[in-house]
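**Q** I am attaching a structure below and will ask some questions about it afterwards.
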Amino acid sequence: MADIPSLDQADLSGMKEFYTDFTTLIRAGVGIDHAYGKGQLNADISVPKFRKVLALFNKKYKDICLTLKRNPSSMELQISFLGEQSLQTLFANSASHIKGLSALGLKGFDEVPITEQGKLEKTLSSMGKRVYVSYTDAESNSTSKFMIERHGRHFLLVCDRKHIFLRNLPEFILCAYYALRHPYNRKIDVNGPASAFGISESITLEHRDLLDEFEHVSRIY
């Protein structure tokens with residue numbers, strides 16, 4: 001694994017293109033979920049088309065994977081990380097290098113502050129299927145909490161999706177790192193097929209408030 005740089009050593013050029021591709025699909029996933037829950041989506045037509053766009057994204061960016069999980073009443077767009085042997089290596093390569101790390105937990109958030117070195121070392125060595133990570137940035141007065149859970153070779157990210165749209169928050173930084181730590185395939189166009197798929201058609205006007213909530217965040221950049 002020596003050829004894989006840690007987050008503080010990675011070349012994250014391509015951030016702008018990744019941000020556009022990634023957030024476009026996250027918005028689309030939210031819209032599809034809401035329309036599906038309201039019975040306003042023909043899943044047999046829309047879902048296979050959307051999954052083809054997700055396949056393009058997953059081919060373009062190596063160590064991040066977007067998958068659509070279909071449940072009886074919802075469509076969940078899942079974010080997973082690849083290319084790590086364990087939660088320990090994932091934490092060492094990425095999460096531990098993000099500014100503001102404040103606490104870890106194995107069963108819940110904020111179990112062990114990072115200032116408690118002895119307990120922290122025991123927690124790091126005991127990581128198994130999941131880890132709960134907390135960040136506090138005093139300068140921006142922001143906090144973030146997310147959970148990462150191992151599923152085979154994948155590591156599933158569970159977080160507040162609104163934080164995905166802020167480039168300076170840990171959730172997005174983590175996603176960008178796994179997308180860009182290897183050179184990505186610049187020849188693959190994700191945004192074009194996503195637009196052709198008809199993203200807006202999956203989001204009805206009654207969900208405009210949800211889109212506005214995302215839009216004011218993304219306009220910061």
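**Q** Any idea what Rg and Dmax come out to for the stretch 124-163 if you just take the C-alpha atoms, in Å?
**A** Cα radius of gyration and Dmax of the stretch 124-163 are 12.4, 37 Å respectively.
**Q** Which entries in the list LYS16/LYS145; LYS60/LYS162; LYS69/LYS129; LYS38/LYS129 go over 28 Å, if you measure between the two C-alpha atoms of each?
**A** LYS38/LYS129
**Q** Quantify how much of the Cα-Cα distance distribution of the stretch 76-141 extends past 17 Å, in percent.
**A** Looking at the stretch 76-141, the distances longer than 17 Å represent 44 percent of pairs.
**Q** Please report, to one decimal in angstroms, the Kirkwood hydrodynamic radius of the stretch 7-218 built from all distinct Cα-Cα pairs.
**A** Hydrodynamic radius (Kirkwood, Cα only) of the stretch 7-218 equals 18.1 Å.
**Q** Ok, one more. Set the Förster distance to 22 Å, then compute FRET efficiency between ARG186 and ALA92 from the Cβ-Cβ distance, nearest 0.05.
**A** That pair, ARG186 with ALA92, gives E of 0.15.
**Q** Would you mind computing, in nm to one decimal, how far apart the modelled labels at THR115 and LYS16 are, each placed 7 Å from Cα along Cα→Cβ?
**A** Once both label points are built, they end up 4.1 nm from each other.
**Q** Could you put ILE45, ILE4, ILE164 in order, starting from the residue whose Cβ has the fewest other Cβ atoms within 10 Å?
**A** If I rank by nearby Cβ atoms, fewest first, I get ILE45, ILE4, ILE164.
**Q** Counting only other residues whose beta carbon sits under 13 Å from that of GLU111, what net charge do I get with K and R as +1, D and E as -1?
**A** For residues surrounding GLU111, the net value is +3.
**Q** Right, next: Projected area of the stretch 42-88, taken from the Cα convex hull and averaged over every viewing direction, in nm²?
**A** Values: hull surface 16.3 nm².
It is 4.1 nm².
**Q** How high is the relative contact order of the stretch 1-155, in percent, with contacts defined as C-alpha pairs under 8 Å that are six or more residues apart?
**A** 18 percent
**Q** Run the numbers for SER6 and LYS107: contour at 0.36 nm per residue of separation, minus the present Cα-Cα distance, in nm.
**A** Details: separation 101, 0.36 × 101 = 36.36 nm, distance 2.58 nm.
Result: 33.8 nm gained on full extension.
**Q** On a 0 to 90 degree scale, rounded to 10, what angle separates helix 170-180 from the longest Cα axis of the chain?
**A** 80 degrees
Laboratory data are not the source of any read-out in this text; all were calculated from the coordinates shown. Because the structure is a prediction, the values reported are computed rather than measured. Cβ coordinates were reconstructed from backbone atoms using ideal geometry, including for glycine residues, and neighbour counts include every protein chain displayed.
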